[in-house]
Ligand SMILES: [Zn+2]
């Protein structure tokens, strides 16, 4: 499964899948936010990460304006949610193609700043969308994230990486090591890159 990145302008991730949020619930998705210094309000268009059908387009107290798109893929049924939208452009029953604008980024619902909350499930099981995005932060961004984490926590940061060739790596303090199991991917910042990007990384 490859997910088209739902935002087509530069962004940064402000929250990762699996963390506990301020209301002590597991964060079931990832958050796309404006890059540092981006003009506000930051309201880029939002596109489906997979083509499908709109199964919900509504306002909820928590998600604000939210659009759900359901897709049938060889692995099963994927449902993707796009939350905190400023405006919704898709309605229940609409076909959502990759070039269908379904809304724009906003700050509605339980949100403290403009961002897109993006979450998904496959056959009812929640998954980390970051592992499947077609584009991911470049190594510079990763190194910055690592440095920020290192400075904040004073600890080594392990990053789980899945390449487009299906190889798994652990990146420790900016150096890679190939691993053969997804066990290491859990509880670390997990990302997906192309094999050629990975090949440029030094080994552990
Ligand atoms: Zn979120």
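Here are the numbers for this structure:
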quantity: Members of region 52-76 that are outside any loop (DSSP other than H, G, I, E, B) and either closer than 17 Å to residue 132 by Cβ or not assigned by TED's automatic domain parsing to the domain that holds residue 101 (or both); calculated: 52, 69, 70, 71, 72, 73, 76
quantity: The listed residue being part of a strand (DSSP E or B) and within 16 Å of the ligand (Cβ to nearest atom), out of 109, 113, 120; calculated: 120
quantity: Every residue from region 19-35 that is closer than 19 Å to residue 101 by Cα and within 14 Å of the ligand (Cβ to nearest atom); calculated: 31, 32, 33
quantity: Checking residue 19 against (1) buried (at least 17 other Cβ atoms within 10 Å of the Cβ); (2) assigned by TED's automatic domain parsing to the domain that holds residue 87, the condition it does not meet; calculated: (1)
quantity: Hits in region 1-16 - residues which are within 14 Å of the ligand (Cβ to nearest atom), crowded, with 16+ Cβ neighbours inside 10 Å and in a strand (DSSP E or B); calculated: 12, 13
quantity: Criterion: modelled with pLDDT of 85 or more and either within 14 Å of the ligand (Cβ to nearest atom) or part of a loop (DSSP other than H, G, I, E, B) (or both) - qualifying residue of 38, 49; calculated: 49
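The values are calculated or read from the model by the stated rules, or taken from the named source; none is laboratory data. The structure presented is a predicted model; accordingly, all values stated were derived computationally and were not measured. Glycine gets a Cβ as well: all are built from the backbone with ideal geometry, and neighbour counts include every protein chain shown.
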